[in-house]
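Read the structure below first, then the notes.
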Amino acid sequence: MADTTPIAVELRGVSKRFGDTTAVAELDLAVRSGEFFSMLGPSGSGKTTVLRMIAGFEEASSGSILLDGDDVTRSAPFDRAVNTVFQDYALFPHMTIAQNVAYGLKVRKTPKAETQQRVAEALEQVRLAHVADRLPHQLSGGQRQRIALARALILRPRVLLLDEPLGALDKQLREQMQIELKQIQREVGITFIFVTHDQEEALTLSDRIAVFNQGRVEQVGTPREVYEFPQTAFVAGFLGVSNLIGPELAQQLTGSSQPFTVRPERVRVLAADATPASHETSVIGTIAETVYTGPATRYIVEGEHGLRVIAERHNDHAPTDTAPWSRGDRVRVAWATEHAALVP
Amino acid sequence: MTSTATKPVSTMLYRSRRLRLGSLLTLPLVWLVGLYIASLALLLATAFWRVDPFTSKVTPAFQFDAFEQLLSNQAYLSTSLRTLGIALTVTLVSAAFAIPLGIYMAKIASPWMRGFLAVAITLPLWAGYLVKILAMRVTFTEEGFFNSFFGVFGISGPGFSQTTVVLTLTYLWFPYMALPVYTAIRQIPVNLFDASADLGARGWTTIRTVVMPLLAPALIAGSVFTFSLSLGDYIAAELVGGRTQMIGSVIANNINLNPPVAAAFALVPIAFVVLYLLGTRRTGALERM
């Protein structure tokens with residue numbers, strides 16, 4: 001995405017303190033118009049608090065929040081052109097699905113005919129027109145999720161905030177909903193800000209990801225950037241399994257004590273006496289553990305100078321072939337030197 | 001099995017469903033049918049009995065004199081309506097206090113404040129019924145607290161009147177409204193408030209469209225207490241009502257003189273409550289209880 005894209009949401013030096021604890025510290029963030037922006041982090045990292053401040057449910061302790069360039073830091077939720085999809089959907093239990101979806105329009109005193117038509121369209125968009133007269137508790141989790149989405153999108157917000165919307169769904173449904181979310185986002189062209197603790201989900205869906213840790217943003221970038229070039233050890237570790245080569249071993253291998261990371265799928269396991277390619281860095285260790293995960297097998301290799309590297313080998317060989325190495329074997333692990341990402 | 005030998009009673013109960021139900025329900029059924037229902041039925045029967053005009057002796061009969069007296073006596077009719085009005089006002093005032101208080105307690109107050117208010121609301125339940133009425137009497141009597149305090153500002157209290165009866169009954173029954181309402185508000189997920197605001201509703205709209213419908217079962221439960229307890233009360237009218245007469249006052253006056261009229265009049269509040277419940281059932285709120 002070009003940098004000339006207008007900014008939909010901007011946070012300038014935003015902090016949030018609850019009593020003595022600081023949930024969000026001096027945060028600067030700019031979300032571009034029309035992008036699918038994820039805020040990824042473990043629980044308690046401040047990502048949901050940031051979302052709630054953008055929605056207006058929490059007031060920032062300091063700093064300012066801009067929506068399309070307008071300062072909304074002190075605006076009430078009902079005065080902001082953003083809508084939220086809640087983690088547990090927050091559908092009104094006493095209203096039918098159609099009434100739930102119509103709620104925002106009804107509050108705005110939209111004419112009846114227009115309301116009806118837009119509700120029908122919104123339900124059509126999430127393919128749930130047939131449940132219009134049911135109550136929320138009669139729907140499955142996935143259906144409720146889609147209704148929550150329809151209820152928020154019907155108001156055509158500038159920005160849609162999604163607070164772990166797929167968290168309560170089982171794995172298969174979650175993956176199906178991810179595809180649907182992405183399609184809907186492309187259709188409506190609204191900026192999505194998506195909070196999740198699931199790194200795979202963030203990588204799959206996002207145009208850009210902000211990785212949160214302890215109330216700060218560790219890195220912002222495209223999925224490829226944050227995955228392949230993590231700027232901090234935390235980002236490397238949080239986005240999938242990563243091998244962190246500490247200063248001592250780095251000194252041994254590269255002559256510099258600058259730590260670096262390398263992804264398990266980029267690490268080869270060779271016989272201890274094999275010669276690595278010239279562009280590779282390699283080190284000898286012992287297989288401490290092998291883990292069969294179905295599509296791949298992981299080898300955990302340990303050795304001197306704090307060496308502990310996970311190597312992942314795709315099980316693309318004949319199904320009956322057993323693993324070429326087992327626990328206790330002396331092996332050489334090698335990776336292309338350019339695949340190592342330095343941790344600043 | 002060894003358990004057969006060691007626990008014969010449990011084994012027998014385990015095998016027989018009838019015995020099990022029997023042992024479970026005997027005691028409550030004796031109470032419910034024997035005392036509760038039977039005494040009410042006797043009361044109902046009394047309404048049809050006959051009072052000898054000369055000796056004032058009551059003899060079993062089946063006649064409608066008592067009901068005719070009820071319907072033809074203007075004072076009885078206005079007493080019924082007055083009582084109904086008092087009970088409805090008490091219910092409305094209690095609800096009007098309970099809802100904002102409940103929202104504050106459940107969603108805004110600190111845990112300490114919440115505990116304090118919960119105690120403050122239930123505190124009156126700790127004192128006896130008469131004690132509370134006497135407290136109101138002391139407050140509203142001619143040289144009482146209300147007049148001596150507010151008299152400085154030129155405000156004089158309602159004295160012993162229908163207003164004071166409403167205030168007293170509200171004071172007496174408010175906890176029965178406040179507690180279910182508070183509990184119901186606590187059970188409304190905070191997210192629903194957020195969602196409503198998020199979709200553009202201001203505070204008042206949220207209360208009207210989200211909170212109130214979800215509170216309906218609690219309001220009905222609470223109002224059954226405030227309404228029926230107020231309908232049946234007569235001591236408040238007696239002690240702080242001045243000349244205010246309620247259904248209970250009429251029943252009390254007739255209980256020795258004319259038991260059939262007292263019994264017939266006792267059916268009026270029951271009829272009101274039944275009508276009230278039928279009315280609430282139509283709203284559909286009871287199904288979500």
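The values are calculated or read from the model by the stated rules, or taken from the named source; none is laboratory data. Computed from a predicted structure; not experimentally measured. Virtual Cβ from ideal backbone geometry, glycine too; neighbours counted across all protein chains shown.
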*Taking segment A:230-270, which residues are under 32 Å from the mean Cα position of the chain (by Cα), farther than 30 Å from A:ARG208 by Cβ and of a type in the set (A, V, I, L, M)?*
A:LEU249, A:VAL269
*Check every one of the helices (runs of 4 or more DSSP H) wholly within segment B:155-261 and list those with 1 or more residues that are under 30 Å from B:VAL138 (Cα atoms) and not polar (S, T, N, Q).*
B:162-187, B:212-232, B:235-240, B:247-257
*Would a scan of segment A:101-109 turn up a residue that is more than 7 Å from chain B (Cβ to nearest Cβ), farther than 14 Å from B:THR205 by Cβ and part of a loop (DSSP other than H, G, I, E, B)?*
no
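Within segment A:35-94, which residues are of a type in the set (A, V, I, L, M, F, W, C) and under 24 Å from B:MET212 (Cα atoms)?
Those that are of a type in the set (A, V, I, L, M, F, W, C) and under 24 Å from B:MET212 (Cα atoms): A:PHE57, A:ALA76, A:PHE78, A:VAL85, A:PHE86, A:ALA90, A:LEU91, A:PHE92.
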*segment A:82-100: number of residues that are away from chain B (no Cβ under 13 Å) and either surrounded by fewer than 22 Cβ atoms within 10 Å (Cβ to Cβ) or in contact (Cβ under 8 Å) with a residue 60 or more places away in the chain (or both)*: 1
*In segment A:42-81, what count of residues is obtained for those that are at the interface with chain B (Cβ under 9 Å from one of its Cβ atoms), more than 16 Å from A:PHE18 (Cα to Cα) and not acidic (Asp, Glu)?*
5
*asked:* Of everything in segment A:16-49, what is in contact with a helix residue (DSSP H, G or I) (Cβ under 8 Å, 6 or more places away or on another chain), part of a loop (DSSP other than H, G, I, E, B) and surrounded by fewer than 22 Cβ atoms within 10 Å (Cβ to Cβ)? Give them in sequence order.
replied: A:PRO42
_Count - residues of segment A:161-197 that are farther than 22 Å from A:ALA8 by Cβ and touching a residue at least 60 places away in the same chain (Cβ under 8 Å)_ = 3
*Could you look through segment B:172-199, keep only residues that are small (Gly, Ala, Ser) and touching a residue at least 12 places away in the same chain (Cβ under 8 Å), and pick out the one that is farthest from the other protein chains (Cβ to nearest Cβ)?*
B:ALA178
_If A:ARG127 satisfies all but one of (1) crowded, with 21+ Cβ neighbours inside 10 Å; (2) more than 10 Å from chain B (Cβ to nearest Cβ); (3) not in a helix (DSSP H, G or I), what's the number of the condition it fails?_
(1)
_Considering residues of segment B:208-217 that are at pLDDT 90 or above and more than 9 Å from chain A (Cβ to nearest Cβ) only, the residue nearest to A:ALA90 (Cα to Cα)_ = B:VAL211
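Go over the candidates A:ARG151, A:ARG118 one by one and state the one that is closer than 29 Å to A:GLU59 by Cβ, basic (Lys, Arg) and touching a residue at least 12 places away in the same chain (Cβ under 8 Å).
Values: A:ARG118 fails: closer than 29 Å to A:GLU59 by Cβ.
Of A:ARG151, A:ARG118, the one residue that is closer than 29 Å to A:GLU59 by Cβ, basic (Lys, Arg) and touching a residue at least 12 places away in the same chain (Cβ under 8 Å) is A:ARG151.
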*Would you mind telling me which numbered condition in (1) over 12 Å from the mean Cα position of the chain (by Cα); (2) assigned by TED's automatic domain parsing to the domain that holds A:ARG12; (3) surrounded by fewer than 19 Cβ atoms within 10 Å (Cβ to Cβ) A:ASP273 fails?*
(2)
*Return a yes/no flag: does segment B:141-149 have any residue that is surrounded by 11 or more Cβ atoms within 10 Å (Cβ to Cβ), assigned by TED's automatic domain parsing to the domain that holds B:ALA221 and under 24 Å from the mean Cα position of the chain (by Cα).*
no
